[in-house]
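See below for the structure under consideration.
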Amino acid sequence: MSAAITHQRPASEATRDVTGRGAFLKDALLVAKKEVRESLFGVRGSMWAVVSALVLSLMSYLLLTDKELSLLDQSEMLYIVTSLSVGLGMVVTGILAGDSVAGERERSTLESILLSPIRLGSLLAGKVGAVIAGWLLIFAVSAPYILVVGAGSTVAFPALVYTFVLGTLCVGGFAALVVGMSSLARSGRGVTLGALAIFLGMAAPTLLGTVLQKSWFGTIYNALSPFAQARLSLDLVIVDKETLLMQLPHMAALAGFAALAVVFLAFAAKRISFEGGE
Amino acid sequence: MNIPKRITVLIAALAFAIFSVAGPAFAQSSVQGSSHALIATPGNSGTPLKLDTSKATLSGTAGQYVKLPARVTNTSNAPVKDVVAYVSLVDVTRGQQAPVDLEDWSAHRAVTIPALAPGQSKDVGWSLRLVKGGDYVVYANAIAGGSSRASVGQEIPLSVKAQKNLNPGGVLPVAIGVPIVAGAALFGPVALRQRRLD
């Protein structure tokens, strides 16, 4: 069998089709558990959580103490910390997801994984799950900062909840997208760089001035960027104290992004090969 | 070149050098002086509005809020519409003289009064969050709809005492503790596993 031949489903899989969704989830959970254990017990996975904690420490301490007291309102500080938490989650997700399949291919371990009695969908879902677990770790690290920066205000707890919900939708979609890219690519490093470039593209609207953000260009850019959607929603909740109703369009946009990313992942799963694409 | 000509050229060069160094500073101070003169005189002439403030001075510590109450009165015989009242704040601390962005002081919002009958007064007010130590001058302004001249209230000196707070809201234990706990919780098992393997 040549290395370029696409993945063939093992014969045993045909019999397991009848077991349906339960088996799919069970296998995905098995893969995710293995991946999380490898990631957390290795320096590579743990390091990102500590680096994120250091970044959040520096940012929250500077925000609260610089120039006697901050020049920003407490709600603005809270908004910055929550946005930073989601941003860090996306960066870490991009790095971990970039290596997930293409890294296996580079280390020549993909062939044995593909020949194991685990269906491809479960394998990729497990990989995505493991990457999302990385985000959950970043969120757990961020939680004390969000609570301490928001201490005394009425929005500290809602900020925590919305960061979790919006961050999980945004990071989950991004994880599925990058794992899909990783399935098609040959080099894990290339996918990681591509993922970081996509993240920078998504975060670019934040560099636009207030006036430009309200122009047609800024409006379209914000509408297309999932990270901008998450930030706009956090802004509405934390700074403008808006209700859940106002967040629904942003949440729907993020859910749409996540759904499209899953469709792309399913497409990439069908084209996965031992050698990878370009 | 003879000696008188050389002296003339030297004096001209010196004068040019002195002017080029001191000129901009002189020009700046004259501009500051003239703007100060404008602020010092509450401007009600030509406007139907009058602004009164009950406070003569304001003071506080960074982090506190101070209230600036003001009363807008229509002194004309005709009603005025769409009055906008707002605050101006100038940092007069030596070496830091500059207008202050009121958004940082949470007092950037204007108060709007839909209409004021002749002789009618309306109380307005702002809550300023003191964010930086120093000496300031704060004053209220009001402008009627369609008018090109604003009414300026009296200058109120504002003194803000700086406050050094190393642990606002208990951030210090979190900022130091979380990276240490995260590092220990995540690297600890890695180190233990490594030791077992060795």
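The values are calculated or read from the model by the stated rules, or taken from the named source; none is laboratory data. Predicted model only: the values in this text are computed from it and were never measured. FYI the Cβ positions are ideal-geometry reconstructions off the backbone, even for glycines, and counts take in every protein chain you see. Only protein heavy atoms, including side chains, enter the accessible area calculation; ligands, DNA and RNA are left aside. Shrake-Rupley method; radii C 1.70, N 1.55, O 1.52, S 1.80 Å.
Counting lysine pairs in segment A:20-270 that sit 8 or more residues apart in sequence, or on different chains, and whose Cα atoms lie under 27 Å apart gives 10.
Within 10 Å of each Cβ of B:104-117, how many other protein chain Cβ atoms are there on average? Intermediate results must be reported in sequence, preceding the final value.
Values: counts 6, 2, 1, 0, 0, 0, 0, 0, 0, 0, 0, 0, 0, 0.
Going residue by residue through B:104-117 and averaging, the value is 1.
Measure nothing fancy, just the Cα-based angle from helix A:74-100's long axis to the longest principal axis of chain A, in degrees from 0 to 90, nearest 10. Between the helix axis and the principal axis of chain A, the angle is about 10 degrees.
For chain A, set up a Gaussian network in which alpha carbons nearer than 10 Å are linked by springs, and say which option among A:V101, A:V178, A:V161 fluctuates the most. Maximum fluctuation in the GNM of chain A, among the listed residues, is at A:V161. Dipole magnitude for chain A: computed about the Cα centre from +1 point charges on Lys and Arg Cβ and -1 point charges on Asp and Glu Cβ, it is near 740 debye.
Normalising by the residue count of chain A, find the relative contact order in percent from Cα pairs under 8 Å and 6+ residues apart. Relative contact order comes out at 29 percent. For segment B:49-161, the antiparallel share of DSSP beta bridges with both residues in that region comes to about 90%. Peptide B:179-189 has a mean shielding of 6, counted as Cβ atoms of other protein chains within 10 Å of each residue's Cβ. The Cβ shell under 11 Å around B:G60 holds other residues with a net charge of +3, Lys and Arg each +1, Asp and Glu each -1. Sparsely packed loop sites in segment A:114-199 (the trypsin sites (Lys or Arg not before Pro) outside DSSP H, G, I, E and B with at most 16 other Cβ atoms within 10 Å) comprise A:R186. Between the listed residues A:L160, A:A255, A:L244, the Cα displaced farthest toward the positive end of the dipole of segment A:126-278, a dipole computed from Cβ unit charges relative to the Cα centre, is found at A:A255.
Against the main long axis of the alpha-carbon atoms of chain A, helix A:120-149 sits at an angle near 20°.
How would you order A:164-177, B:105-118, B:143-156 from highest to lowest mean count of nearby Cβ atoms within 10 Å? Display every interim value, and only then the final one.
On the way: A:164-177: 25.2, B:105-118: 15.5, B:143-156: 17.7.
Highest-to-lowest ranking by the protection proxy: A:164-177, B:143-156, B:105-118.
Given R₀ = 45 Å, what would the calculated FRET efficiency be for A:V263 paired with B:S127, taking r from the Cβ atoms and rounding to 0.05? Kindly include the intermediate steps, with their values, before the conclusion.
Working: r = 51 Å, r/R0 = 1.14.
With R0 = 45 Å, the Cβ-Cβ based efficiency is 0.30.
Lysine pair count for segment B:49-161 (Cα-Cα distance under 21 Å; residues 8 or more apart in sequence or on different chains): 12.
Near the amide H of B:Q120, within less than 5 Å, lie the amide hydrogens of B:N74, all on another chain or at least 5 residues away, with H placed in the peptide plane. For segment B:49-161, averaging the sequence separation of C-alpha pairs within contact (under 8 Å, six or more residues apart) and dividing by the residue count gives a relative contact order of 39 percent. Amide H contacts of B:S106 (H built 1.01 Å from N, in plane; Pro and chain starts excluded): B:R129 sit under 5 Å, all sequence-distant by 5 or more or on other chains. Taking both sides together, what accessible area is buried at the A/B interface, probe 1.4 Å, expressed in Å² and rounded to the nearest 100? For A against B, buried area totals roughly 2400 Å².
Placing unit charges on each Cβ (+1 for Lys and Arg, -1 for Asp and Glu) gives chain A a dipole about its Cα centre, and among A:F24, A:G126, A:G94 the Cα reaching farthest toward its positive end belongs to A:F24.
Peptide A:148-158 has a mean shielding of 2, counted as Cβ atoms of other protein chains within 10 Å of each residue's Cβ.
Can you give the accessible area per residue of segment A:78-165, in Å², using a 1.4 Å probe? Don't jump to the answer; show the numbers that get you there.
On the way: 2720 Å² over 88 residues.
On a per-residue basis, segment A:78-165 sits at 31 Å².
Rounded to the nearest whole Hz, the Karplus-based 3J(HN,Hα) values (6.51 cos²θ - 1.76 cosθ + 1.60, θ = phi - 60°) of segment A:260-266 follow the sequence 5, 5, 5, 4, 5, 5, 5, with x at glycine and proline.
Accessible surface area normalised per residue over segment B:49-161 is 50 Å², counting heavy atoms of protein chains with a 1.4 Å rolling probe.
Projected area of segment A:20-270, taken from the Cα convex hull and averaged over every viewing direction, in nm²? Provide the component values of the computation, followed by the final result.
Values: hull surface 57.6 nm².
Projected area, direction-averaged: 14.4 nm².
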